[in-house]
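The values are calculated or read from the model by the stated rules, or taken from the named source; none is laboratory data. Values in this document were obtained by computation on a predicted structure and should not be read as measured data. So basically every Cβ, Gly included, is an ideal-geometry build from the backbone, and we count neighbours across all protein chains shown. Only protein heavy atoms, including side chains, enter the accessible area calculation; ligands, DNA and RNA are left aside. Shrake-Rupley method; radii C 1.70, N 1.55, O 1.52, S 1.80 Å.
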Amino acid sequence: LLALLISTITITQAQTVTPFITDGCTGYFDGTWRDCCVEHDFRYWVGGELKQKTEADLRLRECVRSKNAPIHAWLIYHGVRLGHYSPIKLRDQEWGNGLSLPQMNRKLTSTEIDSFINELSKAKQSDELKTSFLNYLLKRA
């Protein structure tokens with residue numbers, strides 16, 4: 001009976017935002033399109049609804065394509081999409097990896113967005129990228 005009671009106790013943790021990290025184009029070389037991969041990593045760090053994940057992947061493809069690299073755009077995009085089906089998941093590469101507790105595909109709360117904005121100020125990225133990321137977050141608020 002005691003074991004049953006202990007197993008039914010729910011421990012809740014506070015949701016926190018982890019620091020933003022990027023390795024550029026994961027599993028692929030960083031060409032003139034590295035900034036596209038960093039933006040993609042940022043969008044995955046933030047997470048959100050499933051449609052935003054699809055938008056992030058499409059935006060990555062279009063960004064790489066805009067760098068006059070259509071073949072690389074195709075390879076990177078399909079590599080990312082195939083990765084969604086992999087049984088091996090790296091936590092720091094998953095959708096919504098910026099939240100300490102795994103998130104399902106859902107809209108972010110205003111508190112979470114504020115936490116991402118605060119954490120973004122600490123990120124070691126260019127001011128141009130930070131401004132772009134900030135605008136993305138503010139549109140979602």
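Of the numbered conditions (1) open to solvent by 60 Å² or more (accessible area, probe 1.4 Å); (2) in contact with a Leu (Cβ under 9 Å, 6 or more places away or on another chain); (3) under 15 Å from residue 37 (Cα atoms), residue 105 satisfies every one except a single condition; which is it?
(3)
Could you list all residues from region 97-122 that are in contact with a strand residue (DSSP E or B) (Cβ under 8 Å, 6 or more places away or on another chain) and polar (S, T, N, Q)?
100, 115, 118
Does residue 25 qualify as being part of a helix (DSSP H, G or I), of a type outside the set (Phe, Trp, Tyr) and over 14 Å from residue 95 (Cβ atoms)?
no
Could you please find all residues in region 49-93 being surrounded by fewer than 17 Cβ atoms within 10 Å (Cβ to Cβ) and outside any helix (DSSP H, G or I)?
Within region 49-93, 49, 67, 68, 84, 85, 86, 87, 88, 89, 90 meet the criteria.
What about residue 64, is it on the phi < 0 side of the Ramachandran plot and over 12 Å from the mean Cα position of the chain (by Cα)?
Here the answer is yes, as residue 64 does meet what is asked.
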